[in-house]
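Take a look at the structure below.
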Amino acid sequence: MKMPFQFTRRGIGSAPKLSYQLRVVAGNSFRFLPVQKLSFLTSSIGRKWIVAITGILLIGFVAIHLLGNLSIFLGPEIMNAYAARLHQLGILLWIARVGLLVVAGLHVFFTIALWRENHQASPQKYAVKKSLETTLYARSMRLSGLVVLGFVLFHLAQFTWKWVTPEYKEWIDSLGQHDVYRMLVAAFGNPWVTGFYLLSVAFLAMHLSHGIGSLFQTLGLTNKKLRPRFEYAGLIVAWAFFLGYASIPTAVFLKLLPH
Amino acid sequence: MNFHLRIWRQADPEASGFFQEIEACDIPAEASFLEMLDIVNNRLIEEKKIPVAFDSDCREGICGTCSMVINGVPQGPGRGAACQVYMRSFKNGDSITIEPFRVKAFPIIKDLIVKRAAYDRIIQAGGFITEHTGGAPDAATTLISKKIADQAMDAAACIGCGACAAACPNSSAMLFVGAKVTHLSLMPQGQPERRERALAMVDAMDEEGFGNCSNYYACEAVCPASISASVIATLNREYVRATVIP
Amino acid sequence: MTALDAKIPPGPLEEKWRRFKENVPLIGPANKRKFNIIVVGSGLAGASTAATLAEQGYHVDCFCFHDSPRRAHSIAAQGGINASKNYQNDGDSIWRLFYDTIKGGDFRSREANVYRLAEVSQSIIDQCVSQGVPFAREYGGQLANRSFGGAQVSRTFYARGQTGQQLLLGAYSSLNHEIKNGRVTMHTNSEMLDLVVVESHAKGIIVRNLISGEITRHAADAVILATGGYSNAYYLSTNARGCNATAVWRAYKRGALFANPCFTQIHPTCIPVGGDYQAKLTLMSESLRNDGRVWVPKKKGDQRAPQNIPEEERDYYLERKYPAYGNLAPRDISSRSAKEVCDEGRGVGPGGLGVYLDFQDAIERLGKETIQERYGNLFEMYENITGENAYTRPMRIFPALHYTMGGLWVDYHLMSNLPGLFVLGEANFSDHGANRLGASALMQGLADGYFVIPYTLGAYLSSQFGKKPKTTLLEFEEAEKRVRARLNSLLEVKGSLSSTHFHRELGILLWEKCGMERSARSLQEALHEIPKLRKRFWNEVSIPGSGASLNKALEAAGRVADFLELGELMCRDALMREESCGGHFRSEYQSADGEAVRNDELFSFVQSWQYQGEESEPTLIQEPLNYEFVHPSTRNYK
């Protein structure tokens, strides 16, 4: 007797990975008992948490990096000194770098894992598409994330590994430090590079416009009243980052720096 | 009024569906959307054609049986379920596309009818308070502040229709699960099983193949019971609380 | 046929239920597991029964025609649930709830049943609170109560305007718990199409899977029907579209008695009918009458907007006619009064079929916020349907079919005359007499399911060890054959009209001839018309598609076919009852000022009908109602 659409007692067993299942404890009493170790890292919410936490760390990096870079407005000496000091950190710098790599890696890895599942969960799309209150920022998270990732690789290649213009390695200032200032001025003199940077930090701001407000929701810190405030604050912070980051290539390109 | 309908027709779960064009003529403006479909179906039946299969029951927005997507909006325009949409909100001659919910965890049975047993199974996993009939203490012994009772009621108002998952680009069921977890975790009676409930329901939700929440809030936008997405924040918190606190 | 035995336990009224519970045979835990119980329906009565029996250890198979047990129509009940808790200290007691209910029912129900209902009402609230039902609370955290029609105390517990939903979800969650435990097997999308009687005991059902079209046999030690009422016989009612009488009607045809089919309730506060396309009527909770005042213009055909009609030209007819109860007069009285003023030509809105329900005074007294708090969702619903804002303009309301007090006959154990067949909730006839009071349906459904059947079932099962039949038995085979034959004959008509067409015709006929007011003449006309309509249905109905898969037209036609038979029995019953009582108002039996005139001498009995085959008329069996503890008085709400 096959009844395709009914609940049967098989309903329980048909969820094989259940971390918690009802088990008979004694006589007639039933309780939840853990039968398997909880798998936070495979759960929907657990992985979202990881994306949110790594997101916070990455935002922290974005903020510190911005503060450091804004030293360009204080002149070449200060900026180059800042860069030199950073490099003198030695092992600490490497720990930070590896940490950052791991954090970014986790952020990207879990996002892709979640995205794949989301894709599988809704294989067939609607004939009529409505955005239903979702923001453009939210809908473009994957795109903005990928652009930012690509940008970061280019950015590293340009200024850290100096593959784009190898001569940068040779540039030393009067104090014998690596002349970061000159490197930036040279790079952002090129309208293509400046344009690409502006566009990229705009994407970063878009990513953060959804990301910052959203992480409070993911971490369960919002309620009906707070959510719009977090979202608003997120938007402001994201575009403040944009202004901060955009100011550097813009100032260089328009020759607005103190020297 | 006259309307040009594009309706999804699919004979059975395995069949590949298609859009059928149907003209709905002489529809009274006061008719509800489903009454419009009733009229269309009665005409089809009288022409000995197979009527459009769609689910509905109470027709007052509380049973949650309706499940259709009208012009890209699950449960149609405006607040409330599809049965609460009235033809006066359309213009004469409008083209209207009607599709079933498209969520992998809600397989299509026929035309606009989907199977939402996944939601029942999530409730079975832990959406209850264990009690013994007849063994309850007097109701007056537990005081619950009005604020908490109201918040619990806001969440408990969920009608289980599935529009949240249908609206979600990820087909996530977080609003549904969040509503139940929020309701029960607010009630003093729900405390003993609070931790196990959050874990079991989230696990069941994941097992059913729903997607993950990306905080799009499309669910909140279409929810006929006006459930706030803050229940998702609560669910996130409850789940991690249950994981972290032994 | 021997006289009906209601099996009412002896002793004083207050002692009956307690003594019954103390003396009823018990089934040991080890033996409960060996019994298999079928529950048809998953509303308040069905879900609470299935969950409780499973919790006790029985194995339960629960069937519902919806895709989920949570969709049963109990979910749409708005106003609340009565309980004699007396939390408000306004003088409520079990006795008062009992007396209000029996008086509200116009002394046509059994004292012992109603008393038990009032008694267990208290436990229901405890039970639901322990399930986490978010009842409305006062600021101090106590449970809030409101008053309701037919009572002078505040004993109604509520969860906004969604009490039925919250109570059902409570029962549904318990049911799900038991499904998870493996003690309930839930069969969704499954419609019961016949009852199987083995050696005159109800021992199984035949079910059609509404998705696959598959017909299956299910055997059990007892069959419990909790399938709701038959208001949809009138086509337009406040019931959900799917509500039907098929399960009880097929049980009737297998020998179960149908009691008081003419006792139907018209709800006074519904949104008026718009046009013939309309598929159902929407109820506005009766609780609105707590704060709303009902009126019509004094002048006939007054076309002015309500706000332009000055106070002295308004007729607050309920307050005028029934000063003690005013706008809270019982449902039947309120409904008939509305019909009266509309018949006088003073009705408002399209077609003059409506009266005003005005909140202006309440808003001035309590503030808009309080009204919004109490009825916000109802006002929204009203605006959504009518496009009118009830905060600024009075609502228009009109009576509509809402509830059926009649149903399958059951004794004190809730067992029908067919041993092994139990009938619960609205599907039985037991507790509301000729008229149900507001907020009592939820009470009865849950009382039956949580607190009555778990005790009374044992009395039957204690003699039924090992008597569960195999589904290969001849009786099952024949029942399945009958079901298949009926489905095939429906499909083979191949006419050209949809079943809705006939359903609507039947509805109009019943509404006009067996509705708010009936007369011997109108009923005889209906008895003449219905068989003709039924014949036309069986010659002209069109059902495209086959029975081998999901076919909504086939489902609907099967239900309409049953309503076409039940409607006739309703009229027959109404014709036989030559008195006016509760929801049954015979125009011949009214006082000079238009009040119902009951005839206790000749009609103080339950009118039960026994099926005698297609060709013969059903026979009438009476169960006399003996009032030992209360004296039937003339209802007076003045």
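The values are calculated or read from the model by the stated rules, or taken from the named source; none is laboratory data. Note that the structure is predicted; figures quoted are calculated from it, not measured. Reconstructed Cβ throughout: ideal geometry from the backbone, glycine too, with neighbour counts over all protein chains shown. All accessible areas refer to the heavy atoms of the entire protein, side chains included, with ligands and DNA or RNA removed. Shrake-Rupley method; radii C 1.70, N 1.55, O 1.52, S 1.80 Å.
Brief remarks follow.
- Pairs where the first residue, in the stretch C:212-227, is more than 14 Å from chain A (Cβ to nearest Cβ) and farther than 14 Å from C:ASP194 by Cβ and the second is part of a loop (DSSP other than H, G, I, E, B) and among the basic types (Lys, Arg), C-beta under 6 Å, 6+ apart: C:ASP221/C:LYS468
- Flag for A:ALA246 being of a type in the set (Gly, Ala, Ser), open to solvent by 40 Å² or more (accessible area, probe 1.4 Å), away from every other protein chain (no Cβ under 14 Å) and in a helix (DSSP H, G or I): no
- Those residues of the stretch C:433-465 which are more than 30 Å from C:ILE266 (Cβ to Cβ) and touching a residue at least 40 places away in the same chain (Cβ under 8 Å), in sequence order: C:PRO454, C:TYR455, C:THR456, C:LEU457, C:GLY458, C:ALA459, C:TYR460, C:LEU461, C:SER462, C:GLN464, C:PHE465
- For the stretch C:532-544, a residue qualifies if it is without any contact (Cβ under 8 Å) to a residue 24 or more places away in the chain and surrounded by 15 or more Cβ atoms within 10 Å (Cβ to Cβ), and exactly one does: C:PRO544.
- Of all residues making up the stretch A:161-177, the number that are out of contact with any helix residue (DSSP H, G or I) (no Cβ under 6 Å at 6 or more places or on another chain) and either open to solvent by less than 60 Å² (accessible area, probe 1.4 Å) or at positive phi (or both): 2
- In the stretch C:250-266, the residues that are within 30 Å of C:LEU473 (Cβ to Cβ) and either within 14 Å of chain B (Cβ to nearest Cβ) or touching a strand residue (DSSP E or B) at 6+ places or on another chain (Cβ under 8 Å) (or both): C:ARG250, C:ALA251, C:TYR252, C:ARG254, C:GLY255, C:ALA256, C:LEU257, C:PHE258, C:ALA259
- Boolean, B:SER95 is farther than 29 Å from C:GLY161 by Cβ and surrounded by fewer than 17 Cβ atoms within 10 Å (Cβ to Cβ): yes
- Output for the stretch C:537-564, where each listed residue is facing chain B (nearest Cβ under 7 Å) and assigned to a loop (DSSP other than H, G, I, E, B): C:SER542, C:PRO544, C:GLY545, C:SER549, C:LEU550
- Remark: pairs (first residue in the stretch B:70-84, within 7 Å of another protein chain (Cβ to nearest Cβ); second residue open to solvent by 10 Å² or more (accessible area, probe 1.4 Å) and aromatic (Phe, Trp, Tyr); Cβ separation under 7 Å; 6+ apart in sequence or on different chains) = B:GLY72/A:TYR126.
- Verdict on B:ILE144 being surrounded by fewer than 23 Cβ atoms within 10 Å (Cβ to Cβ), part of a helix (DSSP H, G or I) and at the interface with chain C (Cβ under 9 Å from one of its Cβ atoms): no
- If you go through the stretch C:21-37 and pick out every residue that is closer than 29 Å to C:SER74 by Cα and away from chain A (no Cβ under 14 Å), you end up with 3.
- Elements of type helices (runs of 4 or more DSSP H) contained in the stretch C:26-120, each with 3 or more residues being open to solvent by less than 10 Å² (accessible area, probe 1.4 Å): C:44-56, C:94-104
- Selection from the stretch B:150-162 of residues that are surrounded by 23 or more Cβ atoms within 10 Å (Cβ to Cβ) and assigned to a helix (DSSP H, G or I): B:ALA152, B:ALA155, B:ALA156
- Residue pairs whose Cβ atoms lie under 7 Å apart, separated by 6 or more positions or on different chains, with the first residue in the stretch A:212-241 and under 19 Å from B:ARG241 (Cβ atoms) and the second in a loop (DSSP other than H, G, I, E, B), are A:PHE216/A:THR222; A:GLN217/B:ASN215; A:THR218/B:ASN215.
- Out of B:CYS161, B:CYS213, sole residue that is more than 10 Å from chain A (Cβ to nearest Cβ) and not aromatic (Phe, Trp, Tyr): B:CYS161
- Taking the criterion of being closer than 30 Å to C:ILE206 by Cβ and open to solvent by 50 Å² or more (accessible area, probe 1.4 Å), the residues of the stretch C:497-531 that qualify are C:HIS501, C:ARG504, C:GLU505.
- C:ASP573 falls short of the stated requirement of being open to solvent by 10 Å² or more (accessible area, probe 1.4 Å) and out of contact with any helix residue (DSSP H, G or I) (no Cβ under 8 Å at 6 or more places or on another chain).
- As for the stretch C:549-556, it holds no residue that is open to solvent by 10 Å² or more (accessible area, probe 1.4 Å), closer than 30 Å to C:ILE102 by Cβ and within 22 Å of the chain's Cα centre (by Cα).
- When C:SER580 is tested against (1) without any contact (Cβ under 8 Å) to a residue 40 or more places away in the chain; (2) surrounded by fewer than 23 Cβ atoms within 10 Å (Cβ to Cβ), only condition (2) is not met.
- Sole residue being among the aliphatic types (A, V, I, L, M), within 14 Å of chain A (Cβ to nearest Cβ) and assigned to a loop (DSSP other than H, G, I, E, B), chosen from B:ALA15, B:ALA53, B:ALA29: B:ALA15
- Of the set (1) within 10 Å of chain A (Cβ to nearest Cβ); (2) closer than 23 Å to C:HIS177 by Cβ; (3) open to solvent by 10 Å² or more (accessible area, probe 1.4 Å); (4) not polar (S, T, N, Q), all apply to B:GLY126 but (3).
- Test: residue in the stretch B:67-88 that is in a strand (DSSP E or B), open to solvent by 10 Å² or more (accessible area, probe 1.4 Å) and under 25 Å from B:ALA166 (Cβ atoms): yes
- Options C:MET192, C:MET186; residue that is in contact (Cβ under 8 Å) with a residue 40 or more places away in the chain and at the interface with another protein chain (Cβ under 7 Å from one of its Cβ atoms): C:MET186
- Cβ separations smaller than 7 Å between residues 6+ apart or across chains give the following pairs from the stretch C:12-23 residues that are free of Cβ contacts under 8 Å to residues at least 40 places away in the same chain to residues that are outside any helix (DSSP H, G or I): C:ARG19/C:PRO9; C:ARG19/C:GLY11.
- B:MET201 meets all of the listed conditions (1) assigned to a loop (DSSP other than H, G, I, E, B); (2) within 19 Å of the chain's Cα centre (by Cα); (3) more than 7 Å from chain A (Cβ to nearest Cβ) but one, namely (1).
- When restricted to residues that are at the interface with chain A (Cβ under 7 Å from one of its Cβ atoms) and under 19 Å from B:VAL69 (Cβ atoms), the stretch B:221-246 contains 2.
- From the list B:ALA165, B:ALA179, the lone residue that is in a helix (DSSP H, G or I), more than 30 Å from B:ALA140 (Cβ to Cβ) and at pLDDT 95 or above is B:ALA165.
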